[in-house]
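The values are calculated or read from the model by the stated rules, or taken from the named source; none is laboratory data. Bear in mind the structure is a predicted one, so any value in this text is a computation, not a measurement. All Cβ positions, even for glycine, are placed from backbone atoms using ideal geometry, and neighbour counts span all protein chains on display. For accessibility, only protein heavy atoms count, side chains too; no ligands or nucleic acids. Shrake-Rupley method; radii C 1.70, N 1.55, O 1.52, S 1.80 Å.
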Amino acid sequence: MKLNKNYAGISFLYRKNGAVSTVMEIVMKEHVHGAMLEAAVNFTVSRHPYFKSSLQERGGDYYIAENEIPFKVEETAELHRLGGREVNYHLIDVTYLDKRIFVSFHHALCDGLGARRFVETLVCYYCELYYGFSIENGDGTLPMAGDILDPFAGDLFPVDESVPAPESIREMYVLPEAPAQLPDDTDYRYAFTLDNDSLMTYARKIGASPAPAIGLLVSKAIYRVHPEAEKPIVCNMASSIRDGIGAKNTFKNCVNSIKLPFDPTESDSEQIARCKSVIRANKEPNQCRRCANQMIGLFRRLDSVHSLAEKKQMMAFFDDIRVTTFSLSYTGRLDLTECERFIESMHLYSSANNDILINMMSVGSTTTVNFIQPFEDECYVNAFRELLAEAGVRYTVSDRIRFTTPRDDIASTPAVESVRKENDLFRKYLEGIR
């Protein structure tokens, strides 16, 4: 069995109770055909074998291991725990219910952009099979050079230290409604579906692209609820550093964050101009390499201890980290042109968030904004609705959805060395794939 040490996903591998799944939900216009969806999954992982992977721990280090056990594609309302027996130890899982397809993925395997390419290929294959047509330019994304590159596994990147790093924001407003400690992993989400024409009209008016425009509206919503906020309201925007470190095609987790502070004294256009300047500074290759080196430095410190318990202790700060007022992630516009007519909408979400999480996806003529929070108070959601209307953005929104995305099941499986030694389950696992 081929093993590759996992560096890119390290921050999701030592969580106290496992890491929660992230879910991409595809809402089709017709009921999903299970057998054809399963065939589409098999075609997809044949094209992109990297997704046929499990984890294996040795001496506290985690490795990506090839996994040829078949995928299970089940019709169910329950999301499965990744990495365990019920998903044949895989780190990505596909289920469905009525018109909905759920793709759950583990951030130790890939980030949202990596999962997006899996989903694009899956949906293209499914639509070809179910609707009986051929896509002229292939079925979703093709394998590319460097798509399984782990950019954090090698040497430090060269950095010009004479170029100053962008200013770091250390003090920020924390939502008073958010609990200091989460009682459980339950979150509440509101699925907004925005009309792209009206969204882009607003965004162009203020000189923005979709993600900063939505980030600004959420910041304004928080300020509308709490104009007395003494510390800056900060949007923590996820940003891929792939281009800056020469890893353009990687599926693996390759994301940093950019902090965008809100200033109520500025106009929308002034705020966007300032945010664009901050984004450009953080997207500079030199800064991307500096961020990558910070991660590599952490991973090397982790290599200095040699047991799972010690490594968990070193990484324990990730369990309760609070970095901002709210976070925003945008996976971009999915490349599904010939399949868009069969899709109602697409959504991205995960639970166990300390503060507000905004997840955006775009397909066809709509962009979905999943407004996710760990408390029931709808004050920010209502302010966001008001601001969308004031901006002229047409939308629909779901009722409140109470949900949990499950934590992984890796710790109780043969992935972990102690389990293999105690129960000899790993031998049985190997026998099962022969």
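Please tell me the relative contact order of the stretch 336-419 in percent, rounded to the nearest whole number, where contacts are Cα pairs under 8 Å and at least six residues apart.
With pairs under 8 Å counted, the relative contact order is 22 percent.
Please report the carbon-and-sulfur percent of the accessible area for the stretch 116-204; probe 1.4 Å, protein heavy atoms only, DNA, RNA and ligands left out.
The value for the stretch 116-204 is 53 percent carbon and sulfur by accessible area.
7 Å from Cα along Cα→Cβ at both ALA389 and LYS248: what's the point-to-point distance in nm?
4.5
Of the listed pairs LYS16/LYS52; LYS220/LYS283; LYS2/LYS421; LYS205/LYS283, which have alpha-carbon separations greater than 22 Å here?
Going by Cα-Cα distance, LYS16/LYS52; LYS220/LYS283; LYS205/LYS283 fall outside the 22 Å limit.
For an R0 of 51 angstrom, estimate the FRET efficiency from the Cβ-Cβ distance between ASP98 and MET314 and round to the nearest 0.05.
Rounded to the nearest 0.05, the efficiency is 0.70.
Can you give the charge dipole size of the chain about its Cα centre, rounded to the nearest 20 debye, using +1 on the beta carbon of Lys and Arg and -1 on the beta carbon of Asp and Glu?
880
Report, ordered by chain and residue number, the aspartates and glutamates lying within cross-link reach of LYS231, taken as a straight Cα distance under 19 Å and ignoring same-chain residues fewer than 8 apart.
Within the straight-line cut-off, LYS231 pairs with GLU167, GLU171, GLU177, ASP263, GLU266, ASP355.
Mind listing the lone cysteines of the chain, meaning no other Cys beta-carbon sits under 4.7 Å from theirs?
CYS110, CYS124, CYS235, CYS254, CYS275, CYS288, CYS291, CYS379 - these cysteines have no disulfide-compatible partner (Cβ-Cβ under 4.7 Å) in the chain.
Considering the dipole of the chain built from charges on the beta carbon (Lys and Arg +1, Asp and Glu -1) around the Cα centre, which of SER267, SER277, CYS379 is farthest to its positive end?
SER277
Please report the accessible area of VAL363 (heavy atoms, 1.4 Å probe, ligands and nucleic acids excluded) in Å², nearest 10.
The accessible area of VAL363 comes to roughly 10 Å².
Just round it to a whole percent: the fraction of Cα-Cα distances in the chain exceeding 35 Å.
Counting pairs separated by more than 35 Å, the tail of P(r) holds 29 percent.
Could you identify which residue out of THR121, THR76, THR367 has the top mean-square fluctuation in a GNM of the chain using Cα springs shorter than 10 Å?
Most flexible of the set in this elastic network: THR76.
Would you work out the charge dipole size for the stretch 41-160 about its Cα centre, treating the Cβ of every Lys and Arg as +1 and the Cβ of every Asp and Glu as -1, and quote it to the nearest 20 debye?
The dipole magnitude comes to about 280 debye.
Could you check the simple spin-label distance between ALA153 and ARG58, using points 7 Å along Cα→Cβ, in nm with one decimal?
Using points 7 Å along Cα→Cβ, the separation is 1.3 nm.
At 1.4 Å probe radius, can you tell me the per residue accessible area of the stretch 41-197 in Å²?
Heavy-atom SASA per residue in the stretch 41-197 reads 44 Å².
Between ALA35 and VAL163, what FRET efficiency comes out of the Förster formula 1/(1 + (r/R0)^6) with R0 = 41 Å and r the beta carbon distance, rounded to 0.05?
Rounded to the nearest 0.05, the efficiency is 0.15.
Would you be so kind as to identify which of ALA145, HIS226, ALA115 lies farthest towards the positive end of the dipole of the chain, taking Lys and Arg as +1 and Asp and Glu as -1 on Cβ and the Cα centre as origin?
Projecting each Cα onto the dipole axis, the largest value belongs to ALA145.
Check cross-link reach from LYS72 to the aspartates and glutamates: straight Cα distance under 18 Å, and skip same-chain residues fewer than eight apart.
Here the aspartates and glutamates satisfying the reach criterion relative to LYS72 are GLU25, GLU38, GLU86, ASP93, ASP98, ASP408, ASP409.
Using r as the Cβ-Cβ distance of LYS2 and ASN42, and R0 as 25 Å, what FRET efficiency do you calculate, to the nearest 0.05?
0.75
Magnitude of the Cβ-charge dipole of the stretch 295-368, K/R +1 and D/E -1, about the Cα centre, nearest 20 debye?
About 300 debye.
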